[in-house]
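To start, the structure under review is shown below, and the notes come after it.
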Amino acid sequence: MYKSIRAGILALVMACSAPLYAQTLTRFQPTHEQMVERYKRAKKTDSLTKNAVFKTSVDAHWWADGASFWYCNILKDSVREYFRVDAATGKKEKIPAQAPEAKRLPTDGRQDGSWFGKFRNGPISPDKKWQASIEKGNLFVQPVSGGTPVQFTTDGSEDAPYGAMAWSPDSKYLAGYLIHPVKDSQVYVVLTAVPGTTRGKLRGRPYKQPGDSFTTHELFIFPVDQQKAIKVNTETINFPAYAPLLHWRYDNPRLFSYEKFDRGHQRFRIIEVDAGTAQTRNIVDEKTRTFIYQNRQYTYYPAGSNLLVRTSEKDGWRHLYLVDLVSGREQAITKGNWVVRNVDSVDMANKEIWFTASGMNADEDPYLVHYYRIGFDGHHLLALTPDKGNHNVVFSPGRKYYIDNYSMVNVPPVTKLRRSADGREIALLENADISYYKTIGITPPEVFVAKARDGVTDIWGIVSRPSDYDPGKKYPVLENIYAGPHDAFVPKSFLPYSEMQSLAELGFIVVMIDGMGTANRSKAFHDICWQNLADAGLPDRILWIKALAKKYPYVDTTRVGIYGTSAGGQNSLGALLFHPEFYKACVSACGCHDNRVDKQWWNEQWMGYPTGKQYEEQSNVTNAARLQGHVLLIVGEADSNVPPESTYRVADALIKAGKDFDFLAIPGMDHSDGGPYGRMKKRNFFVKHLIGVEPPDLNSGELSEKKEIGRERWTFQ
């Protein structure tokens, strides 16, 4: 009993001493001169780490027989070495340094259909007997052999024409749409510094914002023998802006189907039309209380088949389904608490699907991508990439072999040659060479996992530290945020160096996290974003950073900054507005601060339609008066993604609220984090407000190097 009491007292003392130990850590507080040296060292490290890792991948150039290939490694100082590989045996031999005469074969591809003017797959009927045309918005058909064109419609016009026509396989029908175009309103930018001018230049372009009207399409059947138009008994298609593709049944050329998303993204249908009766039926009719992710709705109609392969999250995870187009019966091909990420190909001959997925392996990061093959019946699942890591596969022409390249954020790449028939490893082609990288004195990020707000779900992220960090000092935290719900964003492949590490060298603990509301996990995980973009997973991120500080006392949660671009610009400012108790400073670049100002297709997907009160309530413009911390807003005046007025409206609201903030508008710059100049201002801002040291004075030449700050364009969303 004495031992148990003593052990309990000891545990209590240790538990109490942990926060005392944390309090004894000294604050990282360099002098101005020391900070200048840190800037110089970070810049030098930026340079040294470029091309510091070799043999990271294999770009296979296959010979025509598909039995062998060559590839080239580029080593330090641009030295090249070439290898020839026999695919069947994996035997690798070095060949002379002169580049072999080889031409990369094109990859296989699939197209759903092609456009020929106002017709899909051309105006000539499949039996080559008829030729259709659109004249002044109306449909005409005439024999290819000659004769007078027959006018099928009279109510079309150049402003509201018939179009998007498609012939039935038996040439007895045309199907198409009466189109009522909607002209989008313009958004404008003023270019203030165009060379050779003395005035600003106004530039406008069409831009659809949430709530704006769409072009509509009314579906019609045109029986060739009846020489008239028959309206299909279905509702007018008012979303999206394009006419849905028509998929004709191979075994019954009277029938075709099309896909329809209802505006608001809460209903998806595959609707079949009987061209003989103009009646319809729903083959697939999926509804949800939140959203169906349109851009990841995969459908594939195999030629010569009455089957359809599609994806759905209706059971809570994104999986593959097989649909019988005749009966409408739908059966799951894949199932489980993991996510189908993409479909590589569909093999009708063997009734198999090749796909990528993540989360199937319980002992791994659930975001790591692996490749698989499975039968249409859901049996014979084959893991093509069994090694732990984030995989990228390139198949040989004919798909008999494949090159498997994999790594993790802190594990260098490995490249293997494998056989498609059974996934067997044929040869290890390359291990990445990191010997030079190791001499630089930095390390890749650490992977860190903590629980989400529900106390159950794992939240994954990465941590970058100063290469010279002292565990006896406390360092401020910077979070690199991008919480756009369209994907997940924490790197999963080998990351030897990044801007995060460059910032860390100045004296920060820099983190990046995928919180709830982002994609590639369960539907419930993703649904957090529904009409709730202001959430941005911030409750999960705060808990994650606190958990990091509990493990590493040198992480100072009293000095936390956050930065991001585009959706990340919205998220970073939102962090200060909605969580001022935790986040103290932010740099927000080209943010979509008010979802009513940004592009329709992205914002309605997550915020819903119509544009209700949730848009106003979650706007950074509406909530600007809540600001308590330090803010730097960055915007490019020529932003073609998020209208610059999104940022200017925040500035206006902050001014009207009497708030102090910094603002940087960059002449001529498109959608960007500010380019080299903006990134310089970002690090100076955080050094000043979180470390409490004046950054180097560029005007006095403290960094002793002159560098032209150029412009560049980054693409987001």
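Within region 521-536, can one find any residue that is closer than 17 Å to residue 209 by Cβ, buried (at least 21 other Cβ atoms within 10 Å of the Cβ), in contact (Cβ under 8 Å) with a residue 24 or more places away in the chain and not aromatic (Phe, Trp, Tyr)?
yes
Please verify whether residue 216 is touching a Pro at 6+ places or on another chain (Cβ under 9 Å), surrounded by 17 or more Cβ atoms within 10 Å (Cβ to Cβ) and over 30 Å from residue 636 (Cβ atoms), treating the condition exactly as stated.
Here the answer is yes, as residue 216 does meet what is asked.
Quick test for you: out of 268, 355, pick the one residue that is aromatic (Phe, Trp, Tyr), more than 30 Å from residue 460 (Cα to Cα) and buried (at least 18 other Cβ atoms within 10 Å of the Cβ).
It is 268.
Taking the criterion of being assigned by TED's automatic domain parsing to the domain that holds residue 672, surrounded by 21 or more Cβ atoms within 10 Å (Cβ to Cβ) and either farther than 28 Å from residue 27 by Cα or among the aromatic types (Phe, Trp, Tyr) (or both), would at least one residue in region 463-476 satisfy it?
yes
Kindly establish whether residue 385 is within 28 Å of the chain's Cα centre (by Cα), not assigned by TED's automatic domain parsing to the domain that holds residue 543 and not in a strand (DSSP E or B). Step through it out loud before you land on a result.
Working: within 28 Å of the chain's Cα centre (by Cα): yes; not assigned by TED's automatic domain parsing to the domain that holds residue 543: yes; not in a strand (DSSP E or B): yes.
It is true that residue 385 is within 28 Å of the chain's Cα centre (by Cα), not assigned by TED's automatic domain parsing to the domain that holds residue 543 and not in a strand (DSSP E or B).
Go through region 388-399 residue by residue and tally those that are within 24 Å of the chain's Cα centre (by Cα) and either within 29 Å of residue 331 (Cα to Cα) or not in a loop (DSSP other than H, G, I, E, B) (or both). So that I can check it myself, show each step before the final result.
Let us first name the residues in region 388-399 that are within 24 Å of the chain's Cα centre (by Cα), namely 388-395.
Retained after the next criterion (residues that are either within 29 Å of residue 331 (Cα to Cα) or not in a loop (DSSP other than H, G, I, E, B) (or both)): 390-395.
Selection size over region 388-399: 6.
Could you list all residues from region 248-274 that are charged (D, E, K, R) and in a loop (DSSP other than H, G, I, E, B)?
Result: 249, 251, 254, 262, 263.
I need the full set of residues from region 407-427 which are part of a strand (DSSP E or B) and either within 24 Å of residue 309 (Cβ to Cβ) or in contact (Cβ under 8 Å) with a residue 40 or more places away in the chain (or both), in order please.
407, 408, 411, 412, 413, 415, 417, 426, 427
Does residue 22 satisfy the criteria of being modelled with pLDDT under 55, outside the structural domain of residue 677 (by TED's automatic domain parsing), in a helix (DSSP H, G or I) and surrounded by 13 or more Cβ atoms within 10 Å (Cβ to Cβ)?
For residue 22, the condition - modelled with pLDDT under 55, outside the structural domain of residue 677 (by TED's automatic domain parsing), in a helix (DSSP H, G or I) and surrounded by 13 or more Cβ atoms within 10 Å (Cβ to Cβ) - is met.
Can you pull out the strands (runs of 3 or more DSSP E) entirely within region 290-344 that have at least 1 residues that are among the polar types (S, T, N, Q)?
The strands (runs of 3 or more DSSP E) meeting that bar are 307-312, 330-332.
Name the pairs: first residue in region 352-375 and on the phi < 0 side of the Ramachandran plot, second residue in a loop (DSSP other than H, G, I, E, B) and of a type in the set (Gly, Ala, Ser), Cβ to Cβ under 6 Å, at least 6 apart or on different chains?
From residues that are on the phi < 0 side of the Ramachandran plot, the pairs are 366/359; 367/488.
With the condition kept exactly as written, say whether any residue in region 605-618 is in a loop (DSSP other than H, G, I, E, B), of a type in the set (S, T, N, Q) and under 30 Å from residue 556 (Cα atoms).
Checked region 605-618: at least one residue is in a loop (DSSP other than H, G, I, E, B), of a type in the set (S, T, N, Q) and under 30 Å from residue 556 (Cα atoms).
What number of residues within region 170-193 are surrounded by 17 or more Cβ atoms within 10 Å (Cβ to Cβ), part of a loop (DSSP other than H, G, I, E, B) and in contact with a Phe, Trp or Tyr (Cβ under 7 Å, 6 or more places away or on another chain)?
1
Testing residue 435 on (1) closer than 23 Å to residue 87 by Cα; (2) surrounded by fewer than 16 Cβ atoms within 10 Å (Cβ to Cβ); (3) among the polar types (S, T, N, Q), one condition comes back false. Which one is that?
(1)
Go through region 217-247 residue by residue and tally those that are closer than 27 Å to residue 149 by Cβ, of a type outside the set (A, V, I, L, M) and outside any loop (DSSP other than H, G, I, E, B). Full working, then the answer.
Looking only at region 217-247, we keep the residues that are closer than 27 Å to residue 149 by Cβ, and these are 217-232, 243, 245-246.
Narrowing further to those that are of a type outside the set (A, V, I, L, M): 217-218, 220, 222-223, 225-228, 231.
Subsequent filtering for residues that are outside any loop (DSSP other than H, G, I, E, B) retains 217-218, 220, 222-223, 231.
Count: 6.
Looking only at residues in region 113-146 that are farther than 19 Å from residue 227 by Cβ and part of a strand (DSSP E or B), which one is modelled with the highest pLDDT?
120
For region 490-559, give me every one of the helices (runs of 4 or more DSSP H) that falls completely inside it and has 1 or more residues that are basic (Lys, Arg) and over 25 Å from the mean Cα position of the chain (by Cα).
Qualifying helices (runs of 4 or more DSSP H): 538-551.
Look through 495, 543, 506, 478 and report the one residue that is out of contact with any strand residue (DSSP E or B) (no Cβ under 8 Å at 6 or more places or on another chain) and in contact (Cβ under 8 Å) with a residue 60 or more places away in the chain.
The conditions single out 506.
State whether the residues of region 648-658 include one that is assigned to a strand (DSSP E or B) and at negative phi.
Looking for residues that are assigned to a strand (DSSP E or B) and at negative phi, one finds none in region 648-658, hence no.
The values are calculated or read from the model by the stated rules, or taken from the named source; none is laboratory data. Bear in mind that the values here come from a model prediction, so they are computed numbers and not experimental data. Reconstructed Cβ throughout: ideal geometry from the backbone, glycine too, with neighbour counts over all protein chains shown.
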